[in-house]
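Taking it in order: structure first as structure tokens, then the write-up.
The values are calculated or read from the model by the stated rules, or taken from the named source; none is laboratory data. Please read these numbers as outputs of a predicted model, since none were measured by experiment. Glycine gets a Cβ as well: all are built from the backbone with ideal geometry, and neighbour counts include every protein chain shown.
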Amino acid sequence: MFGRHGDGVDGQKTKTRAKPDTPVGESTPTQGAYSTIRLPTVTLRIPDRDVAAATITNVTRRFGRRWALRGVTLSIGPGEVVGVEGHNGSGKSTLLRILSTAIKPTGGEAQVFGADVVRQPTTVRGVVAFLTHYPGLYDDLTAEENLRFACRMLGVDFGRVPPVLERVGLAREAGETVRTFSAGMQRRLSLARLLLQRPRLLLLDEPYNNFDPAGIALVNEVVREVRGAGGAAMIVLHDRHSAGDLLDRVVRLKQGVVLTDGPAPAVGDAQTSTRLADPHESTLIAGGAA
Amino acid sequence: MTWRDEWRRVQAIVWKDLTTERRSKAGINAVVFMGVLILLLFGFALGPDTEALRAAAAGALWLAILFSGVLAFNRSYQLELDGGALESLLLYPGSRWAIYVGKLIANLVFVLIVEAIVIPVALVLYQVALPPGWPALIGVTVLGTVGFVTLGTFYAAMSSRSRAREVLLPLLLFPMLIPVLLSAVEASTSLLGGDPMLEAGAWVRLLGAFDIIFLVASLLAFEYVIEV
């Protein structure tokens, strides 16, 4: 669309309108009454709509003797919000941890915006934000100090901390140590850390746990913002009700393989409640055991 | 990521670890108490013979630092494991060596603070007078501590994901520490005795060489030991 692709590392295209070695603004006389005016080089960086937000190809993962994933193949497009469901131990969290680079797959390949999670983990970490089961906070630091530490690690300005704390409703508790926080407040602070990052792929592992209705609305708002900016999200959930109409697709995993992968039913459908009725459901529609 | 970015991350980890330690105070109290306790136990084991106490002072002091330091290394990663912070730390963009260097500097500061308390106690308990070359003795202490902390931080990372990490860390660490311990004890003993044979220099050079080898090897290998 805008000329040649860049190296594809972060999934962006570049356009160069003048030769790179041409002096900027230089005017050269040519034949006749015309001069060639060389314009300054213009570089456009726009989100690449063609590069998938995440591509997972035949990914397997083994913990000791147990296979958590047995050949999962999935793709998430830019601007897509995908829900991942399944019983405990079906491999949902493992899938997210592989995409976040927290663990490596035993086999198969996974890319995030064109960057391989094994070969280019630093690039992947720059575009992914992962809300885990655990708060991942330091109990003896205050809420503000936790976020300032995250700012230093991410290389972002401390100026982002106060508005983010305000947004998650912890501005008044900014100076209190995390040790004194309830589980819900810790969850809000974990979400605040994600907001510092401005990610392109959100990975949320049961994000609605410990949140009150306002917190659930906040999570959904953050996901919509990322989607609106051309990013994508993958959300592990047990009950689709909290996500409302947020999900574009729902993937169901069972024993490490993809059971179903299709559009999310409309809110209010009988299928909206995703409590898996039959824990012994045996038909594997997609994916194969490794 | 530029070197400046990585150094900013190193500083952040040092600040975070030391602030957490300063707030909780549980770590430093336990480690100092352990160090003093070991010195007392060695003192009782050696008996009231002043000459025997003086001769064993350097060895007893280094063993006290080693045993108490292991508590500090375990605690350094325990802070990350509580609440799943280690995974979050590893998911920040940037090189893994910055995490190692940050932890290493924080542990080094921590162990040096412990030594600043334990060494005067050892001098009093073992009735050792400071020799004229005491600045060299401080240099040996710092070099020995760098070697000890380099390996301790590395092996603590390696054992951090194990359920038996409290047991595993000394088993991995102590055999590797033999060259550092030997060099540090011999150099310290020579300096405490006034270094009549001028042998401290050779031990110090050996200690420095071990420090460099261990530091480079740990930096290169850290990325692989911290991976799941």
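Scanning segment A:63-89 for residues that are outside any strand (DSSP E or B) and surrounded by fewer than 21 Cβ atoms within 10 Å (Cβ to Cβ) returns A:Gly64, A:Arg65, A:Gly77, A:Gly79, A:Glu80, A:His87, A:Asn88, A:Gly89. Against the conditions (1) of a type outside the set (Lys, Arg); (2) in contact with a Phe, Trp or Tyr (Cβ under 7 Å, 6 or more places away or on another chain); (3) crowded, with 17+ Cβ neighbours inside 10 Å; (4) under 29 Å from A:Ser90 (Cα atoms), A:Ile235 satisfies every one except (2). State whether the residues of segment B:4-21 include one that is surrounded by fewer than 18 Cβ atoms within 10 Å (Cβ to Cβ), of a type in the set (Ser, Thr, Tyr), within 14 Å of chain A (Cβ to nearest Cβ) and not in a helix (DSSP H, G or I). No, segment B:4-21 contains no residue that is surrounded by fewer than 18 Cβ atoms within 10 Å (Cβ to Cβ), of a type in the set (Ser, Thr, Tyr), within 14 Å of chain A (Cβ to nearest Cβ) and not in a helix (DSSP H, G or I).
Looking for something farther than 27 Å from A:Leu189 by Cα, of a type in the set (Gly, Ala, Ser), part of a helix (DSSP H, G or I) and in contact with a Ser or Thr (Cβ under 6 Å, 6 or more places away or on another chain) - is there at least one such residue anywhere in segment B:69-84? So far as segment B:69-84 goes, no, none of its residues is farther than 27 Å from A:Leu189 by Cα, of a type in the set (Gly, Ala, Ser), part of a helix (DSSP H, G or I) and in contact with a Ser or Thr (Cβ under 6 Å, 6 or more places away or on another chain).
The lone criterion from (1) under 17 Å from the mean Cα position of the chain (by Cα); (2) modelled with pLDDT of 95 or more; (3) surrounded by fewer than 23 Cβ atoms within 10 Å (Cβ to Cβ) left unmet by A:Thr60 is number (1). Taking the numbered list (1) of a type in the set (Ser, Thr, Tyr); (2) within 14 Å of chain A (Cβ to nearest Cβ); (3) in contact (Cβ under 8 Å) with a residue 24 or more places away in the chain; (4) surrounded by fewer than 17 Cβ atoms within 10 Å (Cβ to Cβ) in turn, B:Ser24 passes all entries but (3). In the set A:Gly114, A:Gly86, only one residue is on the phi > 0 side of the Ramachandran plot and out of contact with any strand residue (DSSP E or B) (no Cβ under 8 Å at 6 or more places or on another chain); that residue is A:Gly114.
Only a single item in (1) in contact (Cβ under 8 Å) with a residue 60 or more places away in the chain; (2) charged (D, E, K, R); (3) surrounded by 20 or more Cβ atoms within 10 Å (Cβ to Cβ) is not met by A:Glu145, and it is number (1). Looking for something within 14 Å of chain A (Cβ to nearest Cβ), acidic (Asp, Glu) and under 21 Å from the mean Cα position of the chain (by Cα) - is there at least one such residue anywhere in segment B:67-82? Yes, because at least one residue in segment B:67-82 is within 14 Å of chain A (Cβ to nearest Cβ), acidic (Asp, Glu) and under 21 Å from the mean Cα position of the chain (by Cα).
Against the condition over 18 Å from the mean Cα position of the chain (by Cα), crowded, with 18+ Cβ neighbours inside 10 Å and more than 14 Å from chain A (Cβ to nearest Cβ), how does B:Tyr92 come out, does it pass?
Working: over 18 Å from the mean Cα position of the chain (by Cα): yes; crowded, with 18+ Cβ neighbours inside 10 Å: yes; more than 14 Å from chain A (Cβ to nearest Cβ): no.
Taking the combined requirement at face value, the residue does not satisfy it.
Within segment A:130-149, if we keep just the residues that are under 14 Å from A:Leu191 (Cα atoms) and of a type in the set (Ser, Thr, Tyr), the residue that is farthest from the other protein chains (Cβ to nearest Cβ) turns out to be A:Thr132.
Hey, can you tell me all the residues within segment A:158-190 that are charged (D, E, K, R) and away from every other protein chain (no Cβ under 12 Å)? Before you say what the answer is, go through the steps one by one.
We begin by selecting, within segment A:158-190, every residue charged (D, E, K, R); these are A:160, A:166-167, A:172-173, A:176, A:179, A:187-188.
Of everything in segment A:158-190, those that are charged (D, E, K, R) and away from every other protein chain (no Cβ under 12 Å) turn out to be A:Arg160, A:Glu166, A:Arg167, A:Arg172, A:Glu173, A:Glu176, A:Arg188.
Condition check: of a type outside the set (A, V, I, L, M) and touching a residue at least 60 places away in the same chain (Cβ under 8 Å). Does B:Gly133 satisfy that? When the stated conditions are applied, B:Gly133 passes them. When each of B:Gly47, B:Gly43 is tested for being more than 12 Å from chain A (Cβ to nearest Cβ) and in contact (Cβ under 8 Å) with a residue 12 or more places away in the chain, the lone residue that passes is B:Gly43.
Can A:Ser100 be described as more than 14 Å from chain B (Cβ to nearest Cβ) and either under 26 Å from A:Ala54 (Cβ atoms) or in contact with a Pro (Cβ under 7 Å, 6 or more places away or on another chain) (or both)? Show your work before the answer.
Details: more than 14 Å from chain B (Cβ to nearest Cβ): no; either under 26 Å from A:Ala54 (Cβ atoms) or in contact with a Pro (Cβ under 7 Å, 6 or more places away or on another chain) (or both): yes.
No: the conditions fail for A:Ser100.
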